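The values are calculated or read from the model by the stated rules, or taken from the named source; none is laboratory data. Computed from a prediction, not measured in an experiment: that's the story for all the values here. All Cβ positions, glycine included, derive from the backbone under ideal geometry; neighbour counts span all protein chains shown. Calculation scope for accessible area: heavy atoms of the full protein, side chains included, ligands and nucleic acids excluded. Shrake-Rupley method; radii C 1.70, N 1.55, O 1.52, S 1.80 Å.
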Amino acid sequence: MANSKVVYSFFEKLIINFVGKTISKRLIFFILLFSSFITLFLTAAQLYTDYIVDISEIDSRFREIDEAYSQSIKQDVWNLDTQQIHTAAKGIFQLQGITYVEITPNYLEPIIYGEKDNESEKVFAKKLVYDNPKTDLGKLEIRADLTVIYDKLRNKIFSVLISQAIKTFLVTIFMFFIVNNLVIRHLASLDRQARNLDLDEDVDKPIKLEKTIYGDELDGLQEAINVMHHQVIESYKEIKNYNESLEKEVERRTFLYKKAKLEAEDANKGKSAFLANMSHELRTPLNSVILLSKLLSKNSAKNLTEDQLKQANIIHNAGSDLLELISDILDLSKIEAGKMNVQFDQLNLIEALAYIKEMFIPLAQKKDLNFKFDMNGIDKAIIYQDQGKLNQIFKNLVSNAIKYTQEGTVKIELKKSNIEDYKYVFTVSDTGVGIDKDKFDKLFDSFYQVGILKESEMSGTGLGLNITKNLSDLIQCKLSFDSERGVGSQFHVYIKDHADDSAGLYNTHTSILSDMEENDDPLSNLEVMLIDDDERNIFSLSVVLEDSQAKVHSFQRAREALDKLEDGSVKPRIILLDLMMPEMTGKDFLTYVKEKNLSIPPVIMLTAVADTETKDSCLNLGATGFITKPVDFSELRKEIIKHLS
């Protein structure tokens, strides 16, 4: 008895928590619960009976097929008559409801019609045994489609449930009408009067119910509420005063929250500005590391051992990786600080993608991946876009595809876009690990990695896709993706052509050092004036220029270089000028030359400060070229040759 009370109490609390305490709601709940239970039970019983009948009919059909075909099939197999076996199998397969027939003779190739579907088929299997002499000839397997039975059951479930739901609804309406007249109507009146009470005026006004019988539960409730009404009046003024003071406290804390939020935003902007301005200090030493390690790896003097060459390559690769990491962080900080600008120039997408393909072929081959390249018959795709940022988007997506694909295919594809305002769509697809649906929303967050590879296979900062998304928005392209865990991913970049737009701003993107060109003839015996306050930059640039037989005159002070130019003791054909130097900056140098109207050779600015305003101001002061650090020597060579011609 005690146990039954505990169980009853538990269920009573459960119903109150989920349904409510009102009698009407609980009554309606029990009616619905009981009706639903009966409906489900009767429906399940009927459906199960129908299912058994349908399955029995299929079993009966199997027996009929067995009686009609088994003996002749055994004889055909005994006679090794392949044509007759095919005829029998095809005849069975064409019977209604049969989706798969397989005859497997021991001495012949299996004969199969249809395809297996283990989830929705009834299977009949039998060994083929020849009676005289008794010999095992093989196996017969027949499968029947259960889809029709399942569809029939589903349709019946729907119709039965609809019918029972209508009945339940009518019963519920009837019971609600009864309960409303006996209980709810009076409770509504009680609620209405209580809500309309004015705490300042209705101090002595009692609450009265309509047509109640004296002494029942509702009358007792009425008296209790009237008592509570007087108690509420007594504490009303105190509560009102407390609310006023609470509102003032909320206003004060809201003000403090807004102030803290503004301070946090200012701190974040300060952080982003600091990282962006660190570009010069970070890129300057990397310039020397990458240039000199690349020069060492060329082994022009043929005096390095294999181990030394390997060490030089390791230094160069490590420097390049560090530069890529720094570039990602600085790019993110520039985007957050609003300092990332764009330059729309004419480019050929086919050539750009061919470059991307060549860049990643070695990595794909190293992982033994099938690396495909499909331009869908597009021979020439000329558009106006920011090539640096577009290339970075392509590289980030292809790099991720190869990184997260352990086996299978990575495909680069270009097609004409079917979306208005976008001319082409670039797609990179892979058969890699894919991405879980619940991680889609976080995919483009900063420092977020999917985390589906082993820790030993993870690399990078988790900034690639975030930067890719921000760069896409910056150059007005559309980035979308689709992925399924265990199947692979597809990333699409819808590319806008800015041919009709006005000229854009300078592109601050810098590329990682590419291979130095072997042809040094254009620089042979060329006199170069190199002005840079950092002796590491002077040393590294002098070495690679002298390796091309150029004659380098280096200066750590711009004033000293100007003196040599003015007195004619140094007559260079090209000047390489750093921007940020003590005493006289690169801009001061150009301003002096312009004011004095000095005749000097072309000036190419070499700087880690790569923003639009700096470039434009340098060009306006007379500079003829602008290259960001770390210096790509092949880019510098092309710039020098261009100005020499």
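Scanning region 602-625 for residues that are in contact (Cβ under 8 Å) with a residue 60 or more places away in the chain and either open to solvent by less than 30 Å² (accessible area, probe 1.4 Å) or touching a Lys or Arg at 6+ places or on another chain (Cβ under 7 Å) (or both), we see that the one that is farthest from Val543 (Cα to Cα) is Thr612. Just one of (1) farther than 17 Å from Thr147 by Cα; (2) touching a residue at least 60 places away in the same chain (Cβ under 8 Å); (3) open to solvent by 20 Å² or more (accessible area, probe 1.4 Å) fails for Tyr51. It is (1). Summed over region 626-645, residues that are of a type in the set (S, T, N, Q), open to solvent by 30 Å² or more (accessible area, probe 1.4 Å) and not in a loop (DSSP other than H, G, I, E, B) total 0. Ile178: surrounded by fewer than 16 Cβ atoms within 10 Å (Cβ to Cβ), hydrophobic (A, V, I, L, M, F, W, C) and over 55 Å from the mean Cα position of the chain (by Cα), yes or no? In short, yes.
Would you confirm, using the coordinates I've provided, whether Ile184 is open to solvent by 70 Å² or more (accessible area, probe 1.4 Å) and part of a helix (DSSP H, G or I)? Criteria not met by Ile184. The conditions of being open to solvent by 40 Å² or more (accessible area, probe 1.4 Å), of a type in the set (A, V, I, L, M) and either under 19 Å from Ile378 (Cβ atoms) or part of a loop (DSSP other than H, G, I, E, B) (or both) are met by Ile419.
Of all residues in region 428-443, none that is free of Cβ contacts under 8 Å to residues at least 24 places away in the same chain has its Cβ atom under 6 Å from the Cβ atom of a residue that is open to solvent by less than 10 Å² (accessible area, probe 1.4 Å), 6 or more apart or on another chain. The residue of region 555-573 that is nearest to Leu526 (Cα to Cα), among those that are open to solvent by less than 60 Å² (accessible area, probe 1.4 Å) and touching a residue at least 24 places away in the same chain (Cβ under 8 Å), is Pro572. Against the criterion of being under 41 Å from the mean Cα position of the chain (by Cα) and either within 16 Å of Leu526 (Cβ to Cβ) or not in a loop (DSSP other than H, G, I, E, B) (or both), Glu595 does not qualify. Among the residues making up region 151-175, those that are open to solvent by less than 70 Å² (accessible area, probe 1.4 Å) and under 23 Å from Asp50 (Cβ atoms) are Asp151, Leu153, Lys156, Ile157, Ser159, Val160, Leu161, Ser163, Gln164, Ala165, Thr168.
Residue by residue, here is whether (1) within 60 Å of the chain's Cα centre (by Cα); (2) loosely packed, with under 10 Cβ neighbours inside 10 Å; (3) modelled with pLDDT under 80 holds:
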{"position": "Pro206", "(1), (2), (3)": "no, no, yes"}
{"position": "Leu218", "(1), (2), (3)": "no, no, yes"}
{"position": "Glu238", "(1), (2), (3)": "yes, yes, yes"}
{"position": "Phe255", "(1), (2), (3)": "yes, no, no"}
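Residues in region 69-116 that are of a type in the set (D, E, K, R), in contact (Cβ under 8 Å) with a residue 24 or more places away in the chain and open to solvent by less than 70 Å² (accessible area, probe 1.4 Å) were compared, and the one that is farthest from Asp59 (Cα to Cα) is Lys74.
Evaluate the following for Val543: is it under 46 Å from the mean Cα position of the chain (by Cα) and surrounded by fewer than 18 Cβ atoms within 10 Å (Cβ to Cβ)? Yes. Annotation note: of Leu619, Leu576, the sole residue that is outside any loop (DSSP other than H, G, I, E, B), under 23 Å from Ser524 (Cβ atoms) and not charged (D, E, K, R) is Leu576. If you go through region 528-557 and pick out every residue that is outside any helix (DSSP H, G or I) and either closer than 23 Å to Asn299 by Cβ or not β-branched (Val, Ile, Thr) (or both), you end up with 15. Of all residues in region 118-150, those that are open to solvent by less than 70 Å² (accessible area, probe 1.4 Å) and polar (S, T, N, Q) total 3.
When region 587-615 is examined, which residues are found to be farther than 22 Å from Ser327 by Cα and out of contact with any strand residue (DSSP E or B) (no Cβ under 9 Å at 6 or more places or on another chain)? Lay out the reasoning, then the answer.
Here is the first cut: in region 587-615, the residues farther than 22 Å from Ser327 by Cα are 587-604.
Scanning region 587-615 gives Lys587, Asp588, Thr591, Tyr592, Lys594, Glu595, Lys596, Asn597, Leu598, Ser599.
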